[in-house]
Every structure is written in structure tokens, then in C-alpha cells.
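Please treat every number below as a calculation from the coordinates, not as lab data. Bear in mind the structure is a predicted one, so any value in this text is a computation, not a measurement. Glycine gets a Cβ as well: all are built from the backbone with ideal geometry, and neighbour counts include every protein chain shown.
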């Protein structure tokens, strides 16, 4: 199999790959492997959550009631919708629909920003009510000490998730620029596809976080 | 001539068992080490390259050989596992008649309290031939109690109570080390265990200080800290009665049950909201920071003296079952 | 054969000379050299701290350093050696250089991510060095809570940050290897024709991507606890300090297999090359790497038998610990069997391989003592453990690393090193190593705790022997630095395949061109196809 530059290879083909298909396979597989590492990353926090919820179920119940279920549910719907728009963006890229790709990417980004906006509202509310772990933390008796652990885990998990959302926004922006420049087509839409995988993953993490944090005691 | 020690003293009933396992593993590992080294050396010489163009002869993997040298180590490993586990389980189950000594590690010293009241710092007197159980806590960071001559070790974890037990077999003085890194003077957090013949030990105990026994000190705290206001003997108190509670099964809110061991008692004092007894309100304030680790142990000793497993003292305690659940249950506190 | 003149063909080294061409390279071979330099720097730093430890332990009294200083010295020795040398050494230097070559690819799947991983490593290293220079950290490389979160007043967060950052370097390298090995093998390079070093690198990468994120979270939680007192490890707030140990060891135990699996891969290559025979039981050796990686994730609790972990948990962890020992034993037997009817030569790489066999054998066998619950109670946290892990990590990993470095030196640099000095250094290292660490088994069984800078007088003789060994070992490590560097300018020019070994890396020039193979190779033979190949050496 000859190496070197074949007659007309796609401008996106990197030189160390033999074909666009190999490059696509590698990129897609790579994103899946990366997402596995992310599962383990969040996994440590899930372990801490399980331990402390088992030890202090009453504290968990009392503390969870301070989270706004309506906002949480709204955010869940927003993210699920954004996964839909992301899937539509991938489809558009796959069919060479440049404007459609850009539109759906923009919609995804907007929904992501809405999500983050709601989180800002929620976090400010926590700050006002002295529910941020640290020197200002206050909680009603009798759980005033241990409730801080719940909120530490809440902020760590949702904060880690929000950080991934922000990075996701950056990825969307990068894809948007690429889409507007006409980089994507049926022959090459891998970045959109793997960006989509990342976005769906961040969505799935939230789908676990929502019931575990917001719906404690709601059967 | 040189008197360089190469092996530790053996001064407890565990030493022999641990050493036997050790020598077994030494024997097995030496056998395989010598076998492999001898084979490697022999092959290295026997099959040294003789001509520049020589290559190795193709030898095809024999499945039988592979399976054999997978199975044999596996079997030997399982023997070591089983033997190690049985020694460990013996270490994990103190006998019912073990004499309790409360131990607190604090940067950078060890404090021991005998139930009769003697307190020792960095030194521990114990008799020969009597099982001794250390009930261990920490004031600050994780430490670890280690007595090499007895082959025993257990971490002292803040927020928890751990135990280790031994039965000394030989009079003498044996080193005790802290063996979990705890900061600046970790290497200096050492002590000695003084093992005495039973008669001498009784004399040593009798010559103890005038302060009261652990449970007397605990009773004093119980009154001073106003525990008695809520934890009354009858059922009218805002808190449950503590008579006979130690070692019993306690039903919690939500229907779960828990064994009222040292750990549960300790938690109930410092984090009372964690596991509340069924039928009671979460009213008890926390005493975290208001009592030291030693005082916690005195309170626990006092509660133990109020009877165990549902029996008030004076009633005949149920004979301790072999391998009793709650460590230290049905112990007798001598006054 | 050419002697003192430099290789004249274009290769990946002389193709460009600017600093920018090195610092912005996408070539996996150049990135491997960048890593080689950086890990060597950390090896020297860690080694310096080791020397200081052994100097203090010459005498029973703590008379060389203040206690606090000694505590910082052993901590920083551990941090530098574990996170900045042992974890990346073989994968990021030899692995980066060789994996694409061995599979017949032009580069790794993601060359830019490879370069990024090096920068991340350097950034993590700089944070850690800042902590060292800024006064050090004294928690032990294990950062146990609550000492690290509530009591230590040293640069815990800064060091933690350095380790956290460097963890991403490890994850990215692992991820790159996995995708590369799956997707970029040359035509005809089936899984069971892969060299065993590639199998080992694959298994290592699985561990790196799955375990490292968990220790990252553990470090983040320590930092949050230290700054905000969030309570997750604080018993006064209902937190559990032992939870930290679970999160830490969930990574740190598999991490030791990250350190030793690549070493085992190197040994397979060395033994095959210097016996001119295929490794006996190829498939067993390949699968044993995977078995070690998988089972290795389930044994972390054997570091915690006396931590207040339940006896039942101890039982499960001990059982699995004994299971994970078996594949390692299988490998040792397979390597030994490979020697049978081989054609064995004794150049330096093979001496390192022999050394590995002996030292890894002792290290691995002493793990059996530690896995036994009742026995571990006695030897946990003593010098017995210290001796055990140095036998496997230093006697194992570093011997293999040096052996591999010497074996592939001609390929990487186009030069041959001085064989006489190399043999001398290998022997010196072997002797020095045993003298340093064997006495520590005896000290440990007698009860000498870890991390002590003062000890009972009767243990001085063994400590003095250990320090004497360390000095010899230090000199032994220093010698290769000299002659390897010397060879870059003055060494004999190497041909494409000075050892006559099989493997795709030897079928291209030394040093290789940037794209590795002028023509993509097509593979038709199994790995180690030496049989009946005498004419290759005639």
C-alpha cells in the first residue's frame, strides 16, 4: 500500500493516517475512550455520595429539600432538548447542510447557556441562604454540621458538571466556526460527531445528578 | 560476637502463629526463587551463543506446562491466603474475658487508661497470660499502635474506635511504635510495654493513683455534662435509658437496627443526629469539641458499667456466645 | 562499518535543528526524547532525596536533619519518583518512541495530543518543583487525611496541583496508545502478531485511563477540604478520613501495574532478542498483562488491612491479591522457559534482563508475605513494605527501563554505547541495589516503622549496610548518564539492526526518518520469527 500523497486526498486528512476513514475511526474511538475516563472521574464523587447518603439518610433528606426541584427539572428538560438539537446538528453536518448545522449548533449553545444561567441563579440562592460550604455555612439544627457534607458533594458534582458544560460551549463554538466556513460535509463531519458524543455524555451525567441530588425522598 | 539482631522478640500468643506463616512463605518463596535462579543460570551458561549466526531452537508452548505452572502457584497462593486469613480472624476477635485498656493516640504521645483508673503515658503495664484488649482512639490524625514483639498493629483513626488484642507470654519490656505517619515527631511517638507476672501486675495496679476508675470518671462526666437530665433510668426522659444498652440491638428511626458497640456510643455523643433511636426526637446537642477522646472513653466505660445486652448489672449476664458480636460485650469491670 | 562520523542520512533528529522544531514537534520520536530529558531530571531530583534519606539513617539519632525537614525529604522523594518518574518513564519515553514503529504506523493517532501531554507533564512538574523550592511538603507521597487536610502546614495544595496536572498527561498518553493500537496497525499486523511490548503498553494504558481520574478527584477533595473545610474527610463534621484512603488506593494500586507492566513488556523484547527465540507461551504472556490490569483494580484494600476496614473486606482483598500474583508468576516462568535452547548472548541489555528476573522475582514473592492478612498486620507500615516495593519498582521497573534504553539506544540515536562500561554499570547497579534493600526486609520484620528518622540502636548495622548499598547504587546510575551522553558524539555509528533482532522498528533506518517507514510495511510473520533464520546473521 503506497504511502505519500495520493492524487487528491481530502484537505482534512492528517498525514499520519492512511485514509479519511481510518482518521474518522480513530477520532470516534478516541472520544469513546476519553468518555470512559470521564465516567471514572465523576465516579469518585458518586462513591463519596453513596457512602455519605448511606450513613446519613436523614441529613440527605433535609438538605435536598433546599434544592429547587422546579429549576432542576427545568434544567433537565433544557439539557435533553439540547441533546436533540445536537443530534440534529450532527445529522445536518452529515448531509452537508451548512446552514442547518450552524443553526442547530447555535440552538445547542443557547440551551447550554440557559442551563448555566439557571445554575448561576441556583448558586446565588445558595450563597444568600448560607449554604455554601466553608466559613459562612449555616444550616438548621439538628443537622447543622453534617449537612455541609451534602452541600460539598452537591457543589463538587454540579460544579464539575458545569465546568464540563463550559468546555462544551467552547467546543460548540469551535464547531460553529468550522460549520460557517464550510468545513463539514458528508465526507468529513467527524468533529461534529465527536463533539456531539461529548455533549450527550455531559447530558447523561446531569440525568444522574438530578434525581440523586434533587429528588431525595420524592418517590 | 556481633550481636546484630536479625529477628524480633516473640512475646505473645500471636507471635508463634505469625512466625509460622512467615517461615512457610519463606520456604515456598525460597524454593521458587532458587529454582528459577538456578534454571536461569543453568540455561544462561548451557545455551550461551557459540556462533555469530546461531539462533534459538523453536520450542512450541506446551499447554500442559503452562496450565501446571499456573495451577501450582494458584494452589500455593490459596494456602497462604487461607492461613493468613485464619490468623487474622483470630486477631480480630478478642476473647470475651479480655481486660480492656483504653488507648488514645495524640500528637505525639500514647495515653493508656486502665479501667481501674491507672493512667500511663507512653508506657503500658500488662500481665502475662491474660488477654488484653486495647480500645483505641485518636485525638487528632491517624496514628497506629504497633508492638512488634506481639505482632499486633491497629490504626488509631479520629472519629472511630478500633480495637486490637493480645496475650503476652513473656515478662520483659517491649517496644511500642506509632506506625502511621502523623507529622513532625512521628519517629518519637514511641513507648514500651512492660509485661509482668500476674502477681506483680496486681501489686502494680493496687499501687495506682487516687483517681477513680474509668467508669467512675465517666459517671462524674455524665453528671457534670448534664447527660443525666435526659437519659434517665425510667422511660420519662427525653433520651433513651442507657441501662443495659451496651451490646444490645437498638432500633433506629426508619426501622433499621444497629448494635450499640463502642463506635455507636461514641457517635451518639459527638454526632447525635446521625442515628436516632426510634421514638425519640432529635434534641440531643453535640458534644464534639466539648469532650476529649479520653473523656469519651470514660463515658463509654461508664455506659458499659450500666449493664450489657439488656441486662442491668447484678442480673446474671447471658453467657457470652463463642465469637460474640459486640466486642467487649459481657466484660466484667472490676472495681 | 562507519565509526566516528555522524550518520549522514536524513533522520528525525537532523531533519530540523531549531528549538521551535523540537518544542512544537508532532513527531512521537522527538516527543519521546523530550520526555526522556524531563523524566531524567526528576529521577535525579528523586535520587538526591533518596541519598539524603539514607544519610540521615546512617545513625540511630535524628542528627542530620530536623524532623520536619526529614519528613519533607521522604515525601518529596516519593512524589518525584512515583508521579514524575516511574509512571511516565517507560510509557512516555520508550512507549512513545516504539509503539508506532512496532505496529508499522507513521505516528500515534493523535500527535498534537501527544505533544500536549508532554507540556502538561512539564507544567505539573513545575508546580511540584515550586512546592519543593517554596519549602516542601511533608505529608508522605500518600497524602493521608486528616493529616494532609487539617494538620500539615506545608505546601500540600501546590504539590497536589502538580500531581493532579501530571495525571492528565498520563491519561492522554494512555488514551493515545489505546486508539493507536486499535486503529493504526499496518496491514497484516494482527493482534497476535504484535510484539509483547505493545500488549504491555495496551494493558498499561487501560489502567492509566481508568484509574488516574479517581486519584484526581481525591486530590481535588483534599484541596477543597484544606481550604474550605468542607467536611468530607473531617470526622468532627461527620466525614470519614478512611474514604480518602479508598479513593487514593483505588488508583495507586493499579498505578504500580502502570509502572511494572511496561517493564515486563521491555523484558519480553530483550529476552527474545538476546536469545534469538520467540517468547515461550506468547499468548499466555499477552493475556497475563490484561489479567494483571483487570484484577489489579480490585485489590486496593490490601493497603488498608489495619485501617479499620472490616475483616470481611480484608478477606476479599486478600483473596484477589493472591489471584493477581499468579499471572506475574506465569510470566516469570515463561521468560525462564524461553532461555531453554535459546542462543544467549550477554550484552548489557540482557544483563539488565537477568537482573530484572532476579530482582522482580524477590519483589514479587515478597508481595505474597504482604498479601497474607495475619502476617501483614505485623509488617504493614514497616521497612518490609519499603523493601518490597523498591524491589519491584526499582529492581523491576528501573532495570527494565535501563535495559530498554540500552537496547533501543542505537535505534533512537543512531549510535552504539560503550559495551564495557555498560556491563560494568549493570553489575554495579545489581550489587548496590541488593545491598541497599535486602537488609530492609530484616529491619521490617523486626519492626522498624516507615518514615522514621530515629530508630533503636541495635538496628544501626543493617541501616549502615543499606546506606552503603545506596551509595554504590547511586554511582551505578550515574555511570550510564556519562557514557550514553558521550556516545551521542563519539559513539560508533549504528546500522539499522545492530542486534539482528526481529520487529518492525529494526527494519527501518537508525535513527528513523520522521514518518518512520518510507514504504508502509506489510506484515506476514508472527512476532519473534527467529526460527531457522541463521542466514540473517551469517
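Tabulated data for the structure shown
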{"item": "Cα-based convex hull volume of the stretch C:480-538 per residue, rounded to whole Å³", "result": "132 Å³"}
{"item": "Ellipsoid semi-axes in whole angstrom, largest first, where each is sqrt(5λ) of the Cα gyration tensor of the protein assembly as shown", "result": "53, 40, 23"}
{"item": "Choice from B:242, B:65, B:306 showing the highest fluctuation, given a GNM over chain B with Cα pairs closer than 10 Å", "result": "B:65"}
{"item": "Other protein chain Cβ atoms within 10 Å, averaged over every residue that makes up A:38-49", "result": "6"}
{"item": "Cα point-scatterer Debye curve for the stretch B:31-135, base-10 log of I(q)/I(0) at q = 0.11, 0.14, 0.21 Å⁻¹", "result": "-0.67, -0.80, -1.17"}
{"item": "Helix-only [θ]222 nm of chain B, DSSP H runs n ≥ 4, -39500 (n - 2.57) each, per residue, nearest 500", "result": "-11000 deg cm²/dmol"}
{"item": "In degrees, nearest ten, helix C:111-133 long axis to first principal axis of chain C (Cα)", "result": "40 degrees"}
{"item": "Mean shadow area of the stretch C:335-374, taken as a quarter of the surface of its Cα convex hull (nm²)", "result": "3.3 nm²"}
{"item": "Taking the C-alpha atoms of the stretch C:440-538, convex hull volume expressed per residue in Å³", "result": "251 Å³"}
{"item": "Pairwise centroid distance, computed over Cα atoms, of the stretch C:40-62 with the stretch C:323-400, Å", "result": "24 Å"}
{"item": "Equivalent ellipsoid semi-axes, the stretch B:137-248, via Cα gyration tensor eigenvalues times 5, rooted, Å", "result": "34, 21, 14"}
{"item": "Relative exposure of A:15, C:388, C:378, C:532, judged by other C-beta atoms within 10 Å (fewest first)", "result": "C:532, A:15, C:388, C:378"}
{"item": "Radius ratio Rg over Rh of the stretch A:35-215, counting only Cα atoms, Kirkwood formula for Rh", "result": "1.07"}
{"item": "Helical mean residue ellipticity (222 nm; -39500 (n - 2.57) per DSSP H run of 4+; nearest 500) of chain A", "result": "-26000 deg cm²/dmol"}
{"item": "Value of Rg to Rh for chain B (Rh from inverse mean 1/r over Cα pairs, i.e. Kirkwood)", "result": "1.14"}
{"item": "Gyration tensor verdict on the stretch B:180-232 (Cα atoms; rounded if a/c is under 1.5, prolate if a/b is larger than b/c, oblate otherwise)", "result": "oblate"}
{"item": "Fluctuation leader among A:178, A:112, A:196 - chain A, Gaussian network, Cα springs under 10 angstrom", "result": "A:178"}
{"item": "Whole-number percent relative contact order across the stretch A:35-215, with pairs defined as alpha carbons under 8 Å at least 6 apart", "result": "34 percent"}
{"item": "Tail fraction, Cα-Cα pairs, chain C, threshold 30 Å, whole percent", "result": "48 percent"}
{"item": "Average beta carbon contacts from partner chains per residue of A:140-148, 10 Å cutoff", "result": "6"}
{"item": "Calculated on alpha-carbon atoms, Rg and Dmax of the stretch A:125-219 in Å", "result": "19.2, 62"}
{"item": "Part-to-part distance (alpha-carbon centres) for the stretch A:108-131 and the stretch C:456-501, which is given in Å", "result": "58 Å"}
{"item": "Radius of gyration and Dmax over the Cα atoms of the stretch A:67-134, both given in Å", "result": "15.9, 51"}
